[in-house]
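As structure tokens, the structure follows; a few thoughts come after it.
The values are calculated or read from the model by the stated rules, or taken from the named source; none is laboratory data. Quick caveat, the model's predicted, so the values are computed rather than measured. Note: ideal-geometry Cβ built from the backbone for every residue, glycine included; neighbour counts use all protein chains shown. These area figures cover heavy atoms from the full protein model, side chains too; ligands, DNA and RNA do not enter into them. Shrake-Rupley method; radii C 1.70, N 1.55, O 1.52, S 1.80 Å.
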Amino acid sequence: MIAIIDYGAGNLQSVEKALRHLGCQCQITADPGELAAAQAAVLPGVGAFGDAMGQLRARGLEEPIRRFVSSGKPFLGICLGLQILFEESEESPGVKGLGLLRGRVLRLPKESGLKIPHIGWNSLSVGKPGGLFAGVEGEPYVYFVHSYYLRAEEDVVTATAEYGTTIHAAVQKGNLLACQFHPEKSGQVGLSLLENFKAMAERGG
């Protein structure tokens, strides 16, 4: 079973629908016991960094997430779920993220003249094949909705995108994976990425 973590940040049903389409057993849950028992977990989310961390802490999910990641079982962050894995965000000064990975979340630069938020399809440059990107060739197009982007401070970046700056669009550190874009809204490419995550869950990492 794949646990989809409910911390009030939305985007749960679209992730559940995509995973069920692939034949996954999955459950939306805010229960630490159900999370601990799962084969894999997904942390989706849209909204503000500070609100998300406040909700995680209010629901007592911060330490269960840390324990799950430490267990070695596959864990996938999506959009806001990627951002809160890192240390801090310009969106919410003074609010600490989970700090499971080193890096900062920055506002997309207005100077580019591009529309913010960045909403729509964008190509990826995959720097590290394998993991989520196993079997995915070329520069796949995926769907983004965000105003802030990741600048990782360790060698975990697996794919980048360009939108007024270089966006660290996907990361992996062992069993911990995350993407700024929405695979559940990215057509066949996105389903291929989720299929790879399903395979990780089935083999335990």
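What nm value, rounded to one decimal, do you get for the distance between Thr166 and Trp121 when each label is placed 7 Å out toward the C-beta?
2.6
Please work out the average accessible area per residue across segment 1-57, using the 1.4 Å probe convention, and give it in Å².
Result: 40 Å² of accessible area for each residue.
Using the structure shown, list the pairs from Lys73/Lys128; Lys128/Lys198; Lys73/Lys173; Lys96/Lys173; Lys17/Lys110 with a Cα-Cα distance above 24 Å, or answer none.
The answer is Lys17/Lys110.
Which whole-number percent gives the relative contact order of segment 86-205, counting Cα pairs below 8 Å spaced six or more residues apart?
RCO, segment 86-205: 23 percent.
Name the residue, out of Gln13, Gln27, Gln83, whose mean-square fluctuation peaks in a Gaussian network model built on the chain with Cα pairs under 10 Å.
Gln13
Where does each of 115-122, 52-59 land if you order them by average Cβ count within 10 Å, highest first?
Ranking the peptides 115-122, 52-59 by packing returns 52-59, 115-122.
As a check on your grasp of the helix formula, calculate [θ] at 222 nm for the chain: sum -39500 (n - 2.57) over DSSP H runs of n ≥ 4, divide by the residue count, round to the nearest 500.
Mean residue ellipticity at 222 nm (helix-derived): -8000 deg cm²/dmol.
How far apart, in nm, are the 7 Å Cα→Cβ label points at Val145 and Leu22?
Output for this residue pair reads 2.0 nm.
Measuring with a 1.4 Å probe in the full set of protein chains, what accessible area per residue, in whole Å², belongs to segment 116-200?
39
Quote the convex hull volume per residue of segment 1-77, based on C-alpha atoms, as a whole number of Å³.
Value for segment 1-77: 75 Å³ per residue.
Sequence gap at least 6, Cα distance under 8 Å: using those rules, report the relative contact order of the chain to the nearest whole percent.
20
What is the distance in Å between the Cα centres of segment 14-34 and segment 51-67?
When both Cα centres are located, 18 Å separates them.
Only bridges with both residues in the chain count here: give the DSSP antiparallel percent, nearest 5.
Taking every DSSP beta bridge within the chain, about 60 percent pair in antiparallel fashion.
Which percent of the accessible heavy-atom area of the chain goes to carbon and sulfur, probe 1.4 angstrom?
On the chain, the fraction of accessible area on carbon and sulfur atoms equals 48 percent.
Using a simple charge model, +1 on the beta-carbon of Lys and Arg, -1 on the beta-carbon of Asp and Glu, nothing else, what dipole does segment 33-187 show about its Cα centre, in debye to the nearest 20?
Here the size comes out at about 220 debye.
Find how many whole Å separate the alpha carbon centroid of segment 141-171 from the alpha carbon centroid of segment 190-205.
Using only Cα atoms to place each centre, the spacing works out to 21 Å.
Name the long-range amide H neighbours of Leu108: under 5 Å, sequence gap of 5 or more, or other chain; modelled H, no Pro or chain starts.
So Leu108 has HN proximity to Tyr148, Tyr149.
Output ³J(HN,Hα) for segment 159-167: one whole-Hz value per residue in order, computed from phi by the Karplus curve 6.51 cos²θ - 1.76 cosθ + 1.60 with θ = phi - 60°, and x for Gly and Pro.
For segment 159-167, the Karplus curve yields 7, 10, 9, 10, 7, x, 6, 8, 9 Hz.
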